[in-house]
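The values are calculated or read from the model by the stated rules, or taken from the named source; none is laboratory data. Owing to the predicted nature of the structure, the values given are computational and were not obtained by experimental measurement. For neighbour counting, all protein chains shown are included, and Cβ atoms are generated from backbone atoms with ideal geometry for every residue, glycine included. Surface accessibility is based on the protein's heavy atoms, side chains included, excluding ligands, DNA and RNA. Shrake-Rupley method; radii C 1.70, N 1.55, O 1.52, S 1.80 Å.
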Amino acid sequence: MNSQNEVNEANGHNGLGGKALRAGENTPGDAIQVSEEIHGSGDGHKPGRSNPQLPQDPSDDDSEGEEEESYDSESGEDDERTDSAEEDSDDSSEAEVPSKSHFDDFFEGNALLTCNELLEYPLFTPHFMYLEYQQTFLEIQKLVEEVPNEFKYEISALLYPMLVLGYLQMVVGGDHKMAKRFLEENEDYLEDIYDRSIAKLRRIRRPQQVPGRALELLLRRDLVRIEMSQAASIKFGEYRAKWPLDQQNVFIGHIAIDGLDTAPQERLPLRRPPLEVIRWADLTHSVRRSLHLEPCDQQLSSCFLRPPLLNESEEVIGAVLFKDGCWVAIAIDYFAIRLVEVKLTESVTVLSVLTGHTGKIVTGDISPDRRFLVTCSQDGTIRLWCLVLHMCAGIYTQQSPVRSVVFAPVIDYFAAACEDGLARVWIKSCAEPILRISGHLAELEVCLYHPNSRYLATGSADLTVRMWDVASRGEQVRLFFGHKAPISALAFSRSGRYLISGGLDHMFIIWDTTDERPIRSLSYHSAPISTIDFALDDSRLAVGCRGTYLSIWNFENILKPDQHRERILILSHPNAAGPILQSRFVSLGHLISICGRQPRTSAPKNRARK
């Protein structure tokens, strides 16, 4: 490979991923080195330092329950009695220092200051201070909604530390009722990855339960440091300058932002639920060594089969590929779908023409068994077609424009990625979605089922890829951040362990779903990635783009450490037929690609066949 066409590679542990500090996310101490400045609680229990507790509040004694019972507020006397009873019953256990067998959050651990310095902290805090924390949190939340999509995820990292500090400020000031209300009103703005941390925070109800590290942060003797990309940091600074002065002072008194020239390193959360293992996966790997793998310099032979198009407005919206050919669904200009069968014998057969939509058809998918087709249209409906009977089998209300729709391997389910940021899952027999999945901060671009059908991966314009457990009410089980543009393609390895994401940034990233880490990013194509697929034995990886090149990679070599890594790019195949929309390995020796119309401009001249 000549120098002009070298693969631009970035190791997954050097500048790829999400944030170096995602306050509240969990990081194994032996997995990533985190500086004390960034993660103050990572080494919180330091030798020679004590964990000072605030002096007993005179009003916080055994009679507290009686005092609160007589307190009359808008929230109701019964609620106050319940809160007081919970506090009195839980004091003995909650005052204990958290066990080191669990991760320490950024506000936990011992203080770096001496006890005397912290004991001077006043118990009484003016009420207007609480409102400033509330307003600062709301300013950040409003900003997350207003900024361009590429900055939403990074700026949303500021919500959690501000929520924690506001809650603890109110607790230290002796107003647990307001702290509880502040937490309940705002915790829904956070992602569910913070649920365990919020549950732990909720158990801190009295001033003497506040960790020493948290007191340091409240005293402004130290700052929570959060890393962002340089672009996100600049954008946040522009918006923050428009805030009221009081909210700016609250923010800069507690949080410092470190802008990085490269994407911040993603931290590895602990205690993520393990993914369900595919039982037959080991079988595919065990026979890999017996396969004959083609040499790296072998040319890719190809033939191009294109069904006749009525006019240039026709678009491929879905396809299913099998060993000796493929079925292709083509949206034609009068709101109909032409289903075409293409065989490797160069025969092309129009199977049927399906009509019923009254608006432009934008996307679709064919079930793996070739029995059903699902299509989404601008007329506000999703239609399920029975391809055996050549008729519509179901009409579903479309609540938001759909960017991508995909069948599950079990066929009974299909999912849609929608512009409103939700993923919706339908079962064929139900007119309404059986599951609505929320969590992304911008519109969804693509979705894909895991090979075991239990998990759904979604890619968004917020630059994140997330995995959801559709068998458990859509719980988020994985989150990956590292792209610089919206996600445009996803692929799971046949074993289900590896997830590949491709983006409009022309880059594709390999993720290990077991421990939620990036393995490698590769920048080779000069156009947005449109399709990715694994070989049947997971030994090869095919990547196509909206340009005219298909690249094939040795996936086994990609997984090797740098010092043992061999050549990873097998070949780059110029394609004269047009942009590559979908590519699939259909057997050990066959790869089929569905191509769009020929682009007006010619292919880049600096791309040589590998």
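Pairs from the list Lys142/Lys242; Lys142/Lys177; Lys323/Lys343; Lys180/Lys200; Lys152/Lys180; Lys142/Lys235 with a Cα-Cα gap above 19 Å: Lys142/Lys177; Lys152/Lys180. Distance from a point 7 Å along Cα→Cβ of Ala576 to each backbone N in the stretch 541-560: keep the residues under 19 Å and list them by number. Counting backbone N atoms under 19 Å from the label point, the list is 547-551.
Residue-wise HN-Hα couplings along the stretch 313-322, as the Karplus relation 6.51 cos²θ - 1.76 cosθ + 1.60 with θ = phi - 60° gives them from phi, are 7, 6, 9, 6, 10, x, 7, 10, 10, 9 Hz; Gly and Pro carry x. Accessible area of the stretch 389-486 with a 1.4 Å probe: how many percent of it is carbon plus sulfur? Carbon and sulfur: 51 percent of the exposed surface of the stretch 389-486. Taking each residue as 0.36 nm, the span from Val353 to Ala256 lengthens on full extension beyond its C-alpha to C-alpha distance by 28.9 nm. Peptide packing: for 181-193, 506-518, 455-467, 222-234, the average count of neighbouring Cβ atoms within 10 Å per residue gives the ranking 455-467, 506-518, 222-234, 181-193, highest mean first.
If R0 is 56 Å, what FRET efficiency do you get for Asp188 and Asn557 from their C-beta distance, rounded to 0.05? Intermediate values should be presented prior to the final figure.
Details: r = 45 Å, r/R0 = 0.80.
After rounding, the FRET efficiency stands at 0.80.
Report the Cα centroid-to-centroid distance between the stretch 455-487 and the stretch 209-237 in angstrom, as an integer. Centre-to-centre distance over Cα atoms comes out at 27 Å. Each label point was placed 7 Å from the Cα along the Cα-to-Cβ direction; for Glu419 and Phe128 their separation is 4.6 nm. The phi-based Karplus calculation (6.51 cos²θ - 1.76 cosθ + 1.60; θ = phi - 60°) puts the 3J(HN,Hα) values of the stretch 348-354 at 10, 10, 7, 7, 6, 10, 9 Hz, whole numbers, x for Gly and Pro. Placing a pseudo-label 7 Å from each Cα along the Cα-to-Cβ vector at Ser587 and Tyr334 gives an inter-label distance of 3.9 nm.
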